[in-house]
1. Out of the stretch B:54-80, which residues are of a type in the set (A, V, I, L, M), away from chain C (no Cβ under 14 Å) and within 21 Å of B:I276 (Cα to Cα)?
2. Going by the conditions given, is A:L149 within 14 Å of chain C (Cβ to nearest Cβ), surrounded by fewer than 17 Cβ atoms within 10 Å (Cβ to Cβ) and out of contact with any Ser or Thr (no Cβ under 6 Å at 6 or more places or on another chain)?
3. How many residues, within the stretch B:281-323, are more than 21 Å from B:L36 (Cα to Cα), of a type in the set (F, W, Y) and under 22 Å from the mean Cα position of the chain (by Cα)?
4. Out of the stretch B:155-181, which residues are within 17 Å of the chain's Cα centre (by Cα) and not in a strand (DSSP E or B)?
5. Considering A:L196, A:L185, A:L227, which residue is farther than 30 Å from C:G229 by Cβ, of a type outside the set (D, E), buried (at least 17 other Cβ atoms within 10 Å of the Cβ) and within 14 Å of chain B (Cβ to nearest Cβ)?
6. Hey, does the stretch A:257-280 have a residue that's farther than 24 Å from A:F9 by Cα and over 13 Å from the mean Cα position of the chain (by Cα)?
7. Take the stretch C:260-278 and flag every residue that is more than 7 Å from every other protein chain (Cβ to nearest Cβ), in contact with a helix residue (DSSP H, G or I) (Cβ under 7 Å, 6 or more places away or on another chain) and closer than 14 Å to C:L85 by Cβ.
8. Within the stretch C:92-107, how many residues turn out to be of a type outside the set (V, I, T) and surrounded by fewer than 19 Cβ atoms within 10 Å (Cβ to Cβ)?
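The values are calculated or read from the model by the stated rules, or taken from the named source; none is laboratory data. Keep in mind it's a predicted model, so treat the numbers as computed, not measured. Please note: Cβ atoms are built from the backbone with ideal geometry, for glycine as well, and neighbour counts cover all protein chains shown.
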Amino acid sequence: MKLRYYVIFRLLLAIPTLFILLTSVFGIMHILPGDPIVIMYGDQYPTAYVDEIRGKLGLDRPVWEQYLDFLKDLSRFNLGISMIYKVPVIRKVQDVFPTTLEVALGGLSLAVIMGVPIGVISALKRDSFFDHATRLLTLYLHSNPGFWLALLFQLVLGLWLGLVPISGRSPPGFRLTEITGMYVLDSILTFNFKALGQSLSYLFLPCFVIGITSVPYLSRLTRAAMLNILGDDYITTARAKGLPSRVITYKHAFRNAMLPVITSVGGSFTGLLGGTVITERIFALPGLGSLLMEALTSRDFTMIQGVVTIYALIVVVMNTLLDIVYALADPRVKY
Amino acid sequence: MSLLKVNNLKTHFFTPFGTVRAVDDISFEMESSVALGLAGESGCGKTTAAYSLMNLVPLPGRIVGGQINFKGKNIVEYNETQLRDIRWKEISMVFQGAMASLNPLYTIGDQISEPIIYHEDADKKEGWKRAEELLELVGIEAARVDNYPWELSGGMRQRAMIAMALACNPSLLIADEPTTALDVIVSAQVMDLIKNLRKKLDLSMLLITHDISVIAQTCDELAIMYAGKLVEKTDVPTIFKTPLHPYSNALIKAFPNIKGKKKKLSSIPGSPIDLIAPPLGCRFAPRCPFAQPLCLEDEPILDQIEKNHFVACHFWEDIQSKR
Amino acid sequence: MSGGSKSLFRSGINFLELFKAAPRSAQLMVIFGGILDLILVIFIIFGPNIVPYDPLAMDHETLLPPSKTNFMGTDNLGRDLFSRLVVASRYSLGISLIAVGVSLVIGLVLGSASGFFGGTLDRILMLFMDALYIFPSFIYVLIMVVVLGPGLWQTALAISIGRIPYNFRLIRSLTISVKERGFIEAERVIGADNWHIIRHHIAPYYISILFVTISLGMARGTLAIAGLGFLGLGVPPPTPEWGTDLASGRAFLLSGRWWLVVFPGLFVLIAMLGFNLLSEGLDTVMNPTVRRLK
């Protein structure tokens, strides 16, 4: 009942956030000192050609005019035409978007599945061998560069042990009717279990690596939250009631600790999403990250702008969803 | 057989600064249907004593000696399973700060019915029905059973805590400073409620507080603690008329009498002692106006001078005759 | 990371006392991290002088595994990997340092202004920074590096901009918590002048957070630079850089030349460990909390 209002409120709040992000995207591309076109093309092409490009992109018009056009186009889902591919940007984005989404969500899920229980157990068994061991491990993982770990895993698990495929999304001869573009989801929806198994095996390594790099942050946060809450008075009340310890730990302690954990999942996702650019390169996954890299190296101005807009959209949607989940979990959120 | 017989209870806290001897050998007895008030200054050990009764002393504290005989059984020796059995069912507690002692994520109906469901194997419906009855018993409308703790006022929260404590019909109710966090008017309402409940349910109660006027209104007996030791225990009328221990006397005289003559407020000079390294003799001696050399060397034991009057002082007779 | 409110840090207690009072694990972290950082500093300052070979010289046989002559092997152009990686510290860490400095200064100015003055300025800045904060900073950095063009300063600037929202938030919340402490008013009442208040009561909180923020920033910066290098957007060849060398080594991974991938990454790991250990240890040492008093 009242939740509906909060959802609406939160969705409305997402709009200015998205707005600001998009404006800063625009700003980065246009307002920075130094003509972006000159920087990107100046040293390669004669001035006349550079001017022509600028005209074609409409970059010689006053900035505010460009900005308004940018917003107008966005509202019509028009992200412009790719300079290199000569097709609408949105078409290219549609092709690659599900891959990134699948990898990012898969990685996030693994991170939560691995990180949160570790944090809970560390808190319950404070100062035990498990606690110290995991703290050392997470300290190490935290410092370990993710892409290095990915390469090492590729080497060991993929090449030397041959346990998992090391790149791509699917083996040759892969058959699947695509609905959303996310292989795992589509194979479940079409009851294609062979495809499910195959796509999962290809997804495993990238998601595992992404997940494991987020584990230190999540597990430390969960541990800290649990320890904090285990010292609270209502836990003493629960113990005084003679409740079984399982109930005290999960119904009372963890349920409260879950709140900061939900918030931190948002933070993890942000970092994770940034990391997908490198992960996609390492595992040869055709996602948004690789599209972005292509656009960056070929100086495809409109494509860069378009892809970053999509990233902004993903981030804002994710944060909105998480806030709504938080409101569901915490009855104190007022709406 | 008395309801509660505590023998030489010792509860110490093992901190990096040293061992704090919060409760250092106290003994007392309590019958059923009696309301015993446990009073003393902040830090005298009364709250620790209360928590010890339920074996809920927080780390780094631990019961290190003595017996707590509840209905004949020494519960100090109980394991976790046995303790869980008697907690709330036999002994329950109303905590100090109701806001912090209630889980903000669950309704009060959930929290009141929770022990009923677990201890009495009841189902959710029965539990919630009982929760509603309990709320009415403490003067809260039954519809509030769906409210969260933060949706209630301070006084209502405290009353909800009382309802929760009564959920499993305990034999002994411990109330830890039930009115400290409340303003005077609400505090009076809560104390009235407690009085009525006691009469109605024939409840045995241990009331912990530093405010002895509250004890005067609601309790049958009063035990006074100082620096981890019990200094005097007797029934309420006696102690207010003739407090024997110098500390009891000072404590009672410190509370201004609203009806009596206007006097200068009296206080007890000095400050509480260090519980890590307590002095050898009587712990009150440094602050006692009647202290003799013997008091600083020899610790007085709790003497039973009448059927229900215990004092721990070397010179109580002399002091009394001089008054 | 604890900031002001739970800290017992008082101006006047010096670092040595705090260190001695800290738990063993924190002491070890500071020592170990400090040693690693010291090694890195030596690499940065004396790098070219202490390496056995010229990092750019293609004097050796190509693709040699680690041996007594080439401690970490050689790359595909016949350059000694160890020499390259040691000298690469300059770029990776140097750029990071500049980036941390710039973002710290900007974050300090904006964050303390926002926290101290509050009002509309605060609201506008918060709205702006919150939006930026939720966006993956690495992607900002990528765009900025391309838009700003190649070069050391440009890269540093790009990375520093990516860090600003985080620093802003940190300083802002610190400023607010310091502002709300009663003792500021109490000091004014007894007539202390502003400079005295700042020096003795406000600055200590900022200083305690400063070292930790710098360490952490260095760690994140180094990782970002290595990431850029890996993607081919770092310093242009033949300059040695951990990320770039890792990327070029990757091509040879399948043929079993593991050292071209393992060692560059190892250097990044050591740098990160050094900074993370130091920052965590320092955080615990400088912000002792009273444990478990309930």
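1. B:I63, B:V64
2. Against the criterion (within 14 Å of chain C (Cβ to nearest Cβ), surrounded by fewer than 17 Cβ atoms within 10 Å (Cβ to Cβ) and out of contact with any Ser or Thr (no Cβ under 6 Å at 6 or more places or on another chain)), A:L149 does not qualify.
3. 1
4. Correct list: B:Q158, B:M161, B:I162, B:A165, B:L166, B:P170, B:S171, B:E177, B:P178, B:T179, B:T180, B:A181.
5. A:L227
6. Within the stretch A:257-280 (the criterion being farther than 24 Å from A:F9 by Cα and over 13 Å from the mean Cα position of the chain (by Cα)), the answer is yes, since at least one residue qualifies.
7. Correct list: C:L260, C:F263, C:P264, C:F267, C:I270, C:A271.
8. 3
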